[in-house]
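Note sheet for the following structure.
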Number of protein chains: 4
Amino acid sequence: MTKKSRFLQTPVEPFTVEAGLTADEIIARMERISFQGRNLATAHRIWHKMIEDEVTIFLGMAGALSAGGLRLIVAHLITHRYVDCLVSTGANLYHDLHETRGQRHYIGSPHADDAALADEQIDRVYDTYASEEEFVANDNWIADFAATLEHRPYTSREFLYQLGSHLWTTTGRDGILTAAFRANVPIFCPAIADSSIGMGLSQARQKAAGAGHIDIIGDIVESANLVIRRPRTASIVLGGGTPKNFINQASVQAEFYSPAVGGHRYALQIVTDVPHFGGASGSSLEEAQSWGKLSTDSARVSVQADATIVLPLLVSALACTAPPVLAKRKVPSFTLDSRVMTINGRSVTSDRFEEVNEPAL
Amino acid sequence: MTKKSRFLQTPVEPFTVEAGLTADEIIARMERISFQGRNLATAHRIWHKMIEDEVTIFLGMAGALSAGGLRLIVAHLITHRYVDCLVSTGANLYHDLHETRGQRHYIGSPHADDAALADEQIDRVYDTYASEEEFVANDNWIADFAATLEHRPYTSREFLYQLGSHLWTTTGRDGILTAAFRANVPIFCPAIADSSIGMGLSQARQKAAGAGHIDIIGDIVESANLVIRRPRTASIVLGGGTPKNFINQASVQAEFYSPAVGGHRYALQIVTDVPHFGGASGSSLEEAQSWGKLSTDSARVSVQADATIVLPLLVSALACTAPPVLAKRKVPSFTLDSRVMTINGRSVTSDRFEEVNEPAL
Amino acid sequence: MTKKSRFLQTPVEPFTVEAGLTADEIIARMERISFQGRNLATAHRIWHKMIEDEVTIFLGMAGALSAGGLRLIVAHLITHRYVDCLVSTGANLYHDLHETRGQRHYIGSPHADDAALADEQIDRVYDTYASEEEFVANDNWIADFAATLEHRPYTSREFLYQLGSHLWTTTGRDGILTAAFRANVPIFCPAIADSSIGMGLSQARQKAAGAGHIDIIGDIVESANLVIRRPRTASIVLGGGTPKNFINQASVQAEFYSPAVGGHRYALQIVTDVPHFGGASGSSLEEAQSWGKLSTDSARVSVQADATIVLPLLVSALACTAPPVLAKRKVPSFTLDSRVMTINGRSVTSDRFEEVNEPAL
Amino acid sequence: MTKKSRFLQTPVEPFTVEAGLTADEIIARMERISFQGRNLATAHRIWHKMIEDEVTIFLGMAGALSAGGLRLIVAHLITHRYVDCLVSTGANLYHDLHETRGQRHYIGSPHADDAALADEQIDRVYDTYASEEEFVANDNWIADFAATLEHRPYTSREFLYQLGSHLWTTTGRDGILTAAFRANVPIFCPAIADSSIGMGLSQARQKAAGAGHIDIIGDIVESANLVIRRPRTASIVLGGGTPKNFINQASVQAEFYSPAVGGHRYALQIVTDVPHFGGASGSSLEEAQSWGKLSTDSARVSVQADATIVLPLLVSALACTAPPVLAKRKVPSFTLDSRVMTINGRSVTSDRFEEVNEPAL
């Protein structure tokens, strides 16, 4: 062959085994293999770009990641500001609270006898168990706390900040809610009504008439205003679900009110769902461009794998490579302790969308 | 071999091809094949049992089923009371509203050039397109309507009833929202904040200060009270997501307040997710037993397949076989037109859980 | 909106439920829904095109379809010449032989206690059981038969024709092997060594030294010569695996020797595997074009679903719509009863590739 | 709660992030998380047990792992005798040969224009490209070599040893085939007819009448005799396919002739397929017990993930932890350079199954 095709430029470089490789070295050697291994290396590279650039980084989190042992990784990402805003399912926050309150999840089997578990009031999440009795106590603890709050609607963001504060005061333990409280990182939970945190809130009404009101529509406004205030954004998604869509919706909704918004500049998703059944969880990042959720020149990658394999390796690698970049990172700063949050000193309301006349941050 | 093992009792009966088979005949011939084909036949059988028994049947709906052409099947299920209560993602209700308002989704390609689509403001859902301009008009239509409502929190159930009513008045067309309005079937949307219906509600605040409040925690109370009032229930789930969990949560939450509740008696799910990554969407119905979401003697089946293949066939079969049973079915009757709904004449509040001293329905 | 985008031409048409719909009517109503339902309707349309055109239709078959109750559908496709050549895994032919010999597979449970099954020598295939004792008897029956053949290499095609003949003589029952024998449809089994048919052949060596030789490389030559002789081809694949690749390989190998070959003109696959892990089973039909396995203007569709759901519906529909087209179909005719097979009167050798100077059929 | 349930014994231990973690340290911290992450840690533990015990370790390999950059990991496993016998698809050996001969695979895109690739004769494997021209040259190289061999049937094992030898002599480069040649590790390729190695063999017939004969049934006998000679075995499977079944078949077939055989003592599979469609690739290791493929007390684990993510991490960890155990490992030794191979000095024929009267190794 005299001349290589334009398609044959960069050879696959087989992974070579060596003792003592650290996480970042392993990922570096995956840069030029294929399939999901290569995508994982690309994910590492794109995350780096996110923290080098001046963007607000949203992290979405669905699936039983807290129960499954990843909650301190997420706490680490929050504390060290690999991310700026968490959007989570209620279950992940609830299971985090469960452990922060000193209780545990337990190693179980996917082949368990579920009738026997039901007899002993053990709840199963695939290969992991928890005590229903302890869950009931958590619900009650949340209800008691919610009943002490003012009897007015709270956005999930405001409520979760207060919950994190109370949890930190009570326990002094590290976890997602407490790390977010301490780092002043906002958490949104758009499907809070579909979780045990929601159940705790609903039980607050039994304790105090008029308690337990969440202004979930206010969360839409607030999250979009965050983007309007600081239009350059990035999206990291673990597992799809409502967090994935909510992060995209914030961008789409913001663009409606501000021409400075143009979709996420970076997107990284670690999912197990697939595109071809049409569901949002598995939808491709290319499809997201048609909606304007991502800018058409965004750097993006999907890793098709279970987060319990990928996240430990990926964040261990970042812990080696990212600190110097993090040290120089321009993070947005928030105040979250009242009804109206702020970003870099500017107010972010939940009452109405900003129609900005001042320059974006 | 002199004697068959106890395990070898019922032979697989190969499917035989014949011209002119109707949906129910096809499914009858799938009763004794294997794998997901057999599960589909079992699903048909279990749905029959549900409508023969005296249970409240919940239908959960996630994934882009309305955009994907299944909305009139769901409307049919509601109108003919194959089901009694719908729990849906916001997107499915929004895409239903889109078509009921006379607009369309379009046949597209999964291999589309998404940058070109973005240029023309076409939104892609895998192989299906829609006009962003029309979506913006819908959002505005919802915002206008929401701004006319009283400035107080509505449960998603109450709001969606009013929305269905308005839609029926305006269009007179069949669809999910209008069918539910006309049949007095309640709809819950626990993740309404994660959808374009939520976006429309949020935009109502721009039109009228204090508009667009959804009492999503009230939905938890209301759905649990529905189960407390009439404790025998069944669950049909299309695609997992928040609807799947919300239906189970209603049962679990109800059991907390009423010993008469003991988990769904029947469960049928059509899902593409798998159990082994630990997510709720793909979780097995066996696992659900450990939580008390299903009674341990429940009839149950999971069909692992895309609903766009399974639902047309399954409901076409039911349309042949179920009408005589439906005619005798004891359906719960609802009133939905005010803040406090009723089931069979008894109130179902969103303010506090019933702690029943009267006999269950 | 004054003018529709070029992308918004054909609206999705929601599926409407009606009692008494036949398989073909159901599929007709799926033509304009989305996702895998639409793909199924497209599969029906493409299969029609195949039988209207003058092409040799290959059918590939992997996964436990015979044990799972689909063997008489495949037999029907062979008998009525919806297809011209079968490429199968050994297991599907073996399980077909098992039932044709009068034995059965049995309805079982995926949650079985496998140690208990092992105790009773019951073999499990997901939710289906079979008797190991009967399997051992089959192996022996195959070994006995193989020992009676000439002690020379047979292509799998020649051997399976002889096996089908013997099975028909012995049992007079319908099945895949016997239908293919009676219809003179060739069967290839490229991975015969990885199956119980291979095990039976290997045991023939215990009975007669020099017995049990399969010329699997001859199968490559023969299958490519089939394509060289009649270059217009189509591929239908159930489940991926070695049959999928072997059918493509026949075309690629044939093109090497004959410029008249240009890849399959039609391709239809029903698979559950996905492209993004790089495996051949899940590989897309677009990718197949880069290899020349498919012509770049081929009509093609992938249906992502379990064949036990899709095949009964699809072939029931074809049984309504296809007979008039089948009656006019120009099928290739084969002789298979000797070492050198023929197609339409011309020899197809396994010794060397044809380098044709005569016009293709 | 006064007393913990027997089900709540071992708590989940959240993964904690730390800079500088090596592969083995990462995997150690995954021991007590959940889902596939935990399974990966279990896989590491079970592989250790295999090499500590006295068992013959089979490695099965399907999917495009060589093209995808994992071939030197497999070569490493062979060289350092983490495994004793490789069963592979033909494609993996062919792509290995391609690179060992000095050619490359190339980084590509899954969104490529396949018609453009076809124009330039570039073959695509998901996100990886190769030159068809180079592939044709490989085929020819294999054909030339095969034409020089004796005109008699070779088992795939014998042929691949000779091929590896020729490749080593010609290139002196490391790879799967050359590593196996140098380490005297046998390779079986039961579906060799479904691969480009098979195509090369078939083209040998064009060069020399009577060339290119593979005795694939002999491979069944040989592989079973390996197990009969040394009945304690283990199975490691990457990706399912024919290798997975062939390794199990060797055990099942061996047990037919020798009561000392009782199924694999250890089993580890890294797969992306799922059990519920009934296919062998995704079948569970529990199901394998019903067949006697695994002993009912075997240590076993399935990791549901892409091997391109899992294998680099897993083998990097083993490279840290396993060397001391490997140093003491009692490996079986083979001679492979003639028609009859030997294991630990005893002959392993392909003509007939051993019916052993001498003690097993």
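Quick notes
- Boolean, A:Asp194 is crowded, with 24+ Cβ neighbours inside 10 Å, touching a Ser or Thr at 6+ places or on another chain (Cβ under 8 Å), among the charged types (D, E, K, R) and assigned to a loop (DSSP other than H, G, I, E, B): yes
- Unmet criterion (only one of (1) within 11 Å of another protein chain (Cβ to nearest Cβ); (2) without any contact (Cβ under 8 Å) to a residue 60 or more places away in the chain; (3) of a type outside the set (A, V, I, L, M); (4) not in a helix (DSSP H, G or I)) for B:Phe159: (4)
- C:Gly263 falls short on exactly one of the conditions (1) touching a strand residue (DSSP E or B) at 6+ places or on another chain (Cβ under 9 Å); (2) within 30 Å of D:Ser66 (Cβ to Cβ); (3) surrounded by fewer than 22 Cβ atoms within 10 Å (Cβ to Cβ), and that condition is (3).
- Test: C:Ala179 is over 21 Å from D:Gln249 (Cα atoms) and either of a type in the set (A, V, I, L, M, F, W, C) or not in a helix (DSSP H, G or I) (or both): yes
- Near pairs, Cβ below 6 angstrom, 6+ apart or cross-chain, from the stretch A:11-40 (within 7 Å of chain D (Cβ to nearest Cβ) and touching a residue at least 40 places away in the same chain (Cβ under 8 Å)) to any residue that is among the charged types (D, E, K, R) and buried (at least 24 other Cβ atoms within 10 Å of the Cβ): A:Gln36/D:Asp306
- Sole exception among (1) surrounded by fewer than 24 Cβ atoms within 10 Å (Cβ to Cβ); (2) in contact with a strand residue (DSSP E or B) (Cβ under 7 Å, 6 or more places away or on another chain) for D:Val274, by number: (2)
- The stretch B:287-298, subset surrounded by fewer than 24 Cβ atoms within 10 Å (Cβ to Cβ) and more than 8 Å from every other protein chain (Cβ to nearest Cβ), residue nearest to B:Ile46 (Cα to Cα): B:Ser298
- If the condition is being buried (at least 16 other Cβ atoms within 10 Å of the Cβ) and over 19 Å from A:Ser338 (Cβ atoms), then the stretch A:145-170 contributes only A:Ala147.
- Residues located in the stretch A:126-147, provided they are touching a residue at least 12 places away in the same chain (Cβ under 8 Å) and β-branched (Val, Ile, Thr): A:Thr128, A:Ile142
- Residues that are more than 14 Å from chain A (Cβ to nearest Cβ), at pLDDT 95 or above and in a helix (DSSP H, G or I) do occur in the stretch D:273-286, at least one of them.
- Subset tally (residues that are surrounded by fewer than 22 Cβ atoms within 10 Å (Cβ to Cβ) and assigned to a helix (DSSP H, G or I)) for the stretch D:250-260: 3
- Summed over the stretch A:184-243, the residues that are of a type in the set (D, E, K, R) and within 8 Å of chain B (Cβ to nearest Cβ) give a count of 4.
- Subset tally (residues that are facing chain A (nearest Cβ under 9 Å) and within 17 Å of D:Val237 (Cβ to Cβ)) for the stretch D:313-337: 2
- Exactly one residue out of B:Ala180, B:Ala75 is within 24 Å of the chain's Cα centre (by Cα), more than 9 Å from every other protein chain (Cβ to nearest Cβ) and either crowded, with 24+ Cβ neighbours inside 10 Å or of a type outside the set (Lys, Arg) (or both): that is B:Ala180.
- Unique residue being closer than 30 Å to D:Thr22 by Cα, surrounded by fewer than 24 Cβ atoms within 10 Å (Cβ to Cβ) and in contact with a strand residue (DSSP E or B) (Cβ under 6 Å, 6 or more places away or on another chain) when the list is D:Val301, D:Val237: D:Val301
- Condition check for D:Leu226: out of contact with any Lys or Arg (no Cβ under 7 Å at 6 or more places or on another chain) and not charged (D, E, K, R): yes
- Failed item in (1) modelled with pLDDT of 95 or more; (2) farther than 17 Å from B:Val87 by Cα, with B:Val252 passing the rest: (2)
- In the set (1) touching a Gly at 6+ places or on another chain (Cβ under 7 Å); (2) free of Cβ contacts under 8 Å to residues at least 12 places away in the same chain, A:Pro259 fails one condition alone, (1).
- Residues in the stretch A:305-361 that are part of a loop (DSSP other than H, G, I, E, B), crowded, with 22+ Cβ neighbours inside 10 Å and among the hydroxyl-bearing types (Ser, Thr, Tyr): A:Ser350 only.
- The stretch B:93-136 - residue that is more than 9 Å from every other protein chain (Cβ to nearest Cβ) and assigned to a helix (DSSP H, G or I) and, of those, surrounded by the fewest Cβ atoms within 10 Å (Cβ to Cβ): B:Phe135
- Of the residues making up the stretch A:223-238, not a single one is at pLDDT below 95 and not in a helix (DSSP H, G or I).
- Listed by first and then second residue, the pairs with beta-carbon distance under 9 Å, at least 6 apart or on different chains, first residue in the stretch B:55-69 and closer than 28 Å to B:Leu361 by Cβ, second of a type in the set (Asp, Glu) and crowded, with 24+ Cβ neighbours inside 10 Å, are B:Val55/B:Asp84; B:Thr56/B:Asp84; B:Ile57/B:Asp84; B:Phe58/B:Asp84; B:Leu59/B:Asp84.
- Put simply, of A:Val252, A:Val301 the only residue that is farther than 23 Å from A:Ala67 by Cβ and in contact with a Leu (Cβ under 6 Å, 6 or more places away or on another chain) is A:Val301.
The values are calculated or read from the model by the stated rules, or taken from the named source; none is laboratory data. The structure displayed is predicted, hence computed values, not measured ones. No Cβ is skipped: glycine too gets one built from the backbone with ideal geometry, and neighbour counts run over all protein chains shown.
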